[in-house]
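First the structure, in the form of structure tokens, and then the observations on it.
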Amino acid sequence: MRYDLVIFDNDGVLVDSEPISNTLLAGYLTELGHPTSYEESVRDYMGSAMHRIHELVEERTGERLPADFDETFHARVFAAFERELEAVRGAAEVLKGLVAAGVPYCVASSGSHERIRVGHRKTGLDAWFRDDNVFSAEDVGRGKPEPDLFLHAAARMGVAPERCVVVEDSRLGVQAAVAAGMDVYGFTAMTPEEKLAGATGFFGTMDELPATLGL
């Protein structure tokens with residue numbers, strides 16, 4: 001099937017940010033008295049919008065995170081991005097191929113617009129994205145696994161959900177795409193297939209993605 005819109009997740013799909021951000025998140029939560037390992041951070045928070053971190057911590061402990069939690073965490077993440085963030089290997093080539101094939105694409109991320117832009121500038125992926133094809137959970141108020149973000153992106157890009165395909169690497173992202181009525185291909189570089197249940201199919205490297213999408 002040739003899709004009318006390819007919707008990319010950002011963290012872990014376009015930019016190799018998940019190891020950085022989950023290491024920092026686990027450390028910060030532990031520092032605040034909520035002991036969290038890197039593996040637990042990946043399991044519980046990968047693909048989440050910030051509000052879900054607050055909700056899960058309060059649900060589990062009865063305590064609220066500090067009012068400046070998001071600001072402090074993002075400052076640490078952005079500083080680390082500037083030092084070490086790289087694009088996912090092959091991501092730019094996939095985007096170049098979509099342009100050559102005339103297939104529209106966008107990014108729909110649980111991260112903030114600022115986080116997306118910081119990562120894209122550092123990795124050079126900003127050359128492939130404009131303001132009108134970058135969408136964040138900030139735009140809709142609820143992040144993945146709710147379908148709102150993907151439905152918003154499709155509507156803004158003028159494409160029916162059933163004509164969209166999502167490229168995701170998190171359990172929450174796959175759930176959101178399925179709930180939106182979209183096909184979704186799971187990127188298994190960091191997340192095994194069994195944790196991406198419900199995906200239409202899987203791929204392990206960006207080199208495989210164009211053929212996976214039928215391009």
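Scanning for something on the phi < 0 side of the Ramachandran plot, of a type in the set (D, E, K, R) and in the same structural domain as Met182 (by TED's automatic domain parsing), does segment 53-64 turn up at least one residue? No, because not a single residue in segment 53-64 is on the phi < 0 side of the Ramachandran plot, of a type in the set (D, E, K, R) and in the same structural domain as Met182 (by TED's automatic domain parsing). Please determine whether any residue of segment 199-207 is buried (at least 18 other Cβ atoms within 10 Å of the Cβ), within 18 Å of Gly111 (Cβ to Cβ) and either within 13 Å of the chain's Cα centre (by Cα) or at pLDDT 95 or above (or both). No, segment 199-207 contains no residue that is buried (at least 18 other Cβ atoms within 10 Å of the Cβ), within 18 Å of Gly111 (Cβ to Cβ) and either within 13 Å of the chain's Cα centre (by Cα) or at pLDDT 95 or above (or both). Selection of first residues in segment 87-113 that are closer than 15 Å to Thr205 by Cα and of second residues that are among the acidic types (Asp, Glu) and surrounded by fewer than 16 Cβ atoms within 10 Å (Cβ to Cβ), restricted to Cβ pairs under 7 Å at least 6 apart or on distinct chains, gives the following pairs, ordered by first then second residue: Gly90/Asp207. Any residue at all in segment 10-23 that's at pLDDT 95 or above, more than 18 Å from the chain's Cα centre (by Cα) and closer than 24 Å to Ala108 by Cα? Checking segment 10-23: not a single residue is at pLDDT 95 or above, more than 18 Å from the chain's Cα centre (by Cα) and closer than 24 Å to Ala108 by Cα.
Within segment 122-167, which residues are in a helix (DSSP H, G or I), closer than 10 Å to Ala180 by Cα and free of Cβ contacts under 8 Å to residues at least 40 places away in the same chain? The answer is Asp148, Leu151, Pro161, Glu162. Name the single residue, out of those in segment 168-201 being assigned to a loop (DSSP other than H, G, I, E, B) and in contact (Cβ under 8 Å) with a residue 60 or more places away in the chain, that is nearest to His51 (Cα to Cα). Of everything passing the filter in segment 168-201, Ser170 is nearest to His51 (Cα to Cα). Quick one: in segment 60-77, which of the residues that are basic (Lys, Arg) and assigned to a helix (DSSP H, G or I) is surrounded by the fewest Cβ atoms within 10 Å (Cβ to Cβ)? Among those residues, the one meeting the criterion is Arg60.
Annotation note: of Gly173, Gly158, Gly111, the sole residue that is under 27 Å from Gly198 (Cβ atoms), touching a strand residue (DSSP E or B) at 6+ places or on another chain (Cβ under 9 Å) and modelled with pLDDT under 95 is Gly111.
The values are calculated or read from the model by the stated rules, or taken from the named source; none is laboratory data. What you see is a predicted model; the values in this text were computed from it and never measured. Quick reminder, even Gly has a Cβ in these numbers, built from the backbone with ideal geometry, and neighbours come from all protein chains shown.
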